[in-house]
Structure formats: C-alpha cells, structure tokens
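The values are calculated or read from the model by the stated rules, or taken from the named source; none is laboratory data. Quick caveat, the model's predicted, so the values are computed rather than measured. For neighbour counting, all protein chains shown are included, and Cβ atoms are generated from backbone atoms with ideal geometry for every residue, glycine included.
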Amino acid sequence: MTFKRHFISTTILSVALFPLIKYRILWVLISGIFIDIDHYLWYVIRYNDWNIKHAVKHFESDGNADDPSIFIFHTMEFIVIIFILSLFYDAFFYILIGAVFHIIPDILLAKDKPSVPIRSSLIYFFYKGLHKKSEFLANWKSND
Ligand SMILES: [Zn+2]
C-alpha cells in the first residue's frame, strides 16, 4: 500500500481512537505510517545508496520484484517483539496497534504474490536464503 493510503487510513483510525486513548494516539500514528522506513533501510543496504528519491522511485516501479528482500518491520518476529514489549510498556501496545493496522492491508493487497510468506518472517527468509539459495533466488525472480 502506498504511503499516502497508509497516511489517510492511519489518520482516520487515529481520529476514531482519539477519544479513547488521547495523546497516546501519536504512537499509533508514528508506527502506522512510518514502519515503511524498513523499505528505505533495505534499499540503502542493498544498493548502498542513501538517496531517498532513488529509493521511492525504486519501489514505485516495483523494483523489488526481482530481488530477494525483507522488510524487517513487516515481519512476524517484529510483531511478536512489540507484543512482548507491550506487556511491560504501554507505548508498545499503541505501536502494536499502528503496526498491525499497517501490515494487514499490506498483506491483503499482496496476498497473491508468492513472496509474501517469505517476506512475512525473518527466520523463514533466512532459512530459504541460506539453505536453498539458488532455488530461492530463481523462484523469487520467476514468481514475483
Ligand atoms: Zn508497509
């Protein structure tokens, strides 16, 4: 989902939740909108290019389709860590709401892509990458 759609949907959620959680809505907003920063981080690591305009252009052109990629804040492991932290710190509960609200539409809109299960788990991503590297890369390129 695009940044603009995440911004609009998360803002609507925040307005709806504001009467219940007041200023803590900022955590929902920040996590719901900005967890896509992981796409930029991946781009920087992959291409050694810090230019954010190049990164945006890369993803707008679906430039990640032929590269194995993992977006760390969109993984189950990240959600589990945030959930565990939410048991101890209130802020993480609101970060969890924003993150889940962000990730669910991302997954639903990309559910037909075979890369989604791989991208949804850091452990699975590295398992597939390390143990079946050539097959993994070939499948990724031909199916995504
Ligand atoms: Zn996203």
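Residues of the stretch 1-18 that are within 12 Å of the ligand (Cβ to nearest atom), assigned to a helix (DSSP H, G or I) and in contact (Cβ under 8 Å) with a residue 40 or more places away in the chain: 5, 6, 9, 10. Restricted to helices (runs of 4 or more DSSP H) entirely inside the stretch 51-144, those with at least 3 residues that are at pLDDT 85 or above and surrounded by 14 or more Cβ atoms within 10 Å (Cβ to Cβ) are 52-60, 76-86, 90-109.
Flag: residue 25 matches the condition of being buried (at least 17 other Cβ atoms within 10 Å of the Cβ), assigned to a helix (DSSP H, G or I) and away from the ligand (no atom under 16 Å from the Cβ).
Out of (1) away from the ligand (no atom under 12 Å from the Cβ); (2) touching a helix residue (DSSP H, G or I) at 6+ places or on another chain (Cβ under 9 Å); (3) not hydroxyl-bearing (Ser, Thr, Tyr), the odd one out for residue 32 is which? Result: residue 32 passes all but (1).
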